[in-house]
1. Any idea which of Leu26, Leu51, Leu70 is touching a residue at least 12 places away in the same chain (Cβ under 8 Å) and either within 16 Å of ligand 2 (Cβ to nearest atom) or within 20 Å of Arg83 (Cα to Cα) (or both)?
2. Quick one: in the range 199-246, of everything that is within 16 Å of ligand 2 (Cβ to nearest atom) and of a type in the set (Lys, Arg), which residue is modelled with the highest pLDDT?
3. Please enumerate the residues belonging to the range 46-83 that are more than 18 Å from Val6 (Cβ to Cβ), among the charged types (D, E, K, R) and within 14 Å of ligand 1 (Cβ to nearest atom).
4. Across the range 1-19, which residue is farthest from ligand 2 (Cβ to nearest atom) among those that are surrounded by 15 or more Cβ atoms within 10 Å (Cβ to Cβ) and aliphatic (A, V, I, L, M)?
5. If you take the residues of the range 173-189 that are open to solvent by 50 Å² or more (accessible area, probe 1.4 Å) and in a helix (DSSP H, G or I), which of them is modelled with the lowest pLDDT?
6. Among the residues of the range 146-160, is any of a type in the set (Phe, Trp, Tyr) and free of Cβ contacts under 8 Å to residues at least 60 places away in the same chain?
7. Would you call Ile22 at pLDDT 95 or above, open to solvent by less than 70 Å² (accessible area, probe 1.4 Å) and part of a helix (DSSP H, G or I)?
8. Regarding the range 190-210, can at least one residue be identified that is within 16 Å of ligand 1 (Cβ to nearest atom), open to solvent by less than 50 Å² (accessible area, probe 1.4 Å) and of a type in the set (Gly, Ala, Ser)?
Amino acid sequence: MTLYPVVVIPTYNERENLPALIDELLRIDGLRMLVVDDGSPDGTGAEADRLRAAYRSRVDVLHRAGKRGLGLSYIDGMQTALRTDATHVCQMDADFSHRPEDLRALLAAAGDADLVVGSRYVPGGSVRNWPRHRIALSTFANWYVRAVTRMPLRDCTSGFRCWRRDLLARLPLDRILSDGYAFQVELAWEARAAGARIVEVPITFVERRQGASKLSGGVIAESAILPWRLRIRNPKPQISHPKSQL
Ligand SMILES: Nc1nc2c(ncn2[C@@H]2O[C@H](COP(=O)(O)OP(=O)(O)OP(=O)(O)O)[C@@H](O)[C@H]2O)c(=O)[nH]1
Ligand SMILES: [Mg+2]
């Protein structure tokens, strides 16, 4: 099966990371990139424009006015990607926490799945350079989401994913409420409710090389509330596709 993947990369102050990331991603045959920049004060948007000019057919840029959040950036980027002939739409951070070599593994698994999730918490997956409190928070968050929603995903908050276009096009992207990590949980929930075949592949998540983290108290509070909202929205999630590996 021939894949025509587009990787949506949201950026906020990633000028130091973006050129090297795109350089590495360009080595993957046929891969195209869509950078979604929220008017980064550090000039990431201008850097992205320069890269678009250099790699015209493979790099595109969506400029949004001001910092309006990761979730909305992804929705904008996904809807833009769905207007192209892409067969797959991937999500990836710009800060090298998601390794380009792991994207190859996601793409390799994409032929047999509607959604491939890059997972830190399946055998072979790992987290590198995270302080103990970040590992504890992430482990707890995943346990909590699974306990409340009963979603059988080991890494519900992972933002490293590859979607089959048809599945993504069927999801109610306009109805998604949440932002940070909760955005990832909400979209996974919708995928499952749509009966998607979801596969997790192991990744090594590496703490960012450059720039500052945007994790905040608000992001954590949102993640605490969302699983309950999902449970109320759809108390009886549909049985997932019989071929699901979950
Ligand atoms: N367009 C856009 N991108 C964002 C926004 N917030 C974060 N990002 C990008 O989303 C990706 C993930 O954000 P990070 O700051 O790494 O957040 P994180 O991974 O939760 O936190 P760390 O683990 O500390 O890196 C990065 O590529 C960011 O540049 C935003 O409001 N708008
Ligand atoms: Mg990060």
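The values are calculated or read from the model by the stated rules, or taken from the named source; none is laboratory data. Computed from a prediction, not measured in an experiment: that's the story for all the values here. Positions of Cβ are backbone-derived with ideal geometry, glycine not excepted, and every protein chain shown enters the neighbour counts. SASA here: full protein model, heavy atoms, side chains in, ligands and nucleic acids out. Shrake-Rupley method; radii C 1.70, N 1.55, O 1.52, S 1.80 Å.
1. Numbers: Leu26 fails: either within 16 Å of ligand 2 (Cβ to nearest atom) or within 20 Å of Arg83 (Cα to Cα) (or both); Leu51 fails: either within 16 Å of ligand 2 (Cβ to nearest atom) or within 20 Å of Arg83 (Cα to Cα) (or both).
Just a single option satisfies the conditions, and that option is Leu70.
2. Filtering the range 199-246 for residues that are within 16 Å of ligand 2 (Cβ to nearest atom) and of a type in the set (Lys, Arg), the one modelled with the highest pLDDT comes out as Arg208.
3. The answer is Glu47, Lys67, Arg68.
4. Ranking the candidates gives Leu3 first.
5. Result: Tyr181.
6. Applying the first criterion (of a type in the set (Phe, Trp, Tyr)) to the range 146-160 yields 160.
From the residues that got through so far, the ones that are free of Cβ contacts under 8 Å to residues at least 60 places away in the same chain too are none.
No, that holds for no residue.
7. Considered against the rule, which asks whether it is at pLDDT 95 or above, open to solvent by less than 70 Å² (accessible area, probe 1.4 Å) and part of a helix (DSSP H, G or I), Ile22 comes out as yes.
8. Within the range 190-210 (the criterion being within 16 Å of ligand 1 (Cβ to nearest atom), open to solvent by less than 50 Å² (accessible area, probe 1.4 Å) and of a type in the set (Gly, Ala, Ser)), the answer is no, since none of the residues qualifies.
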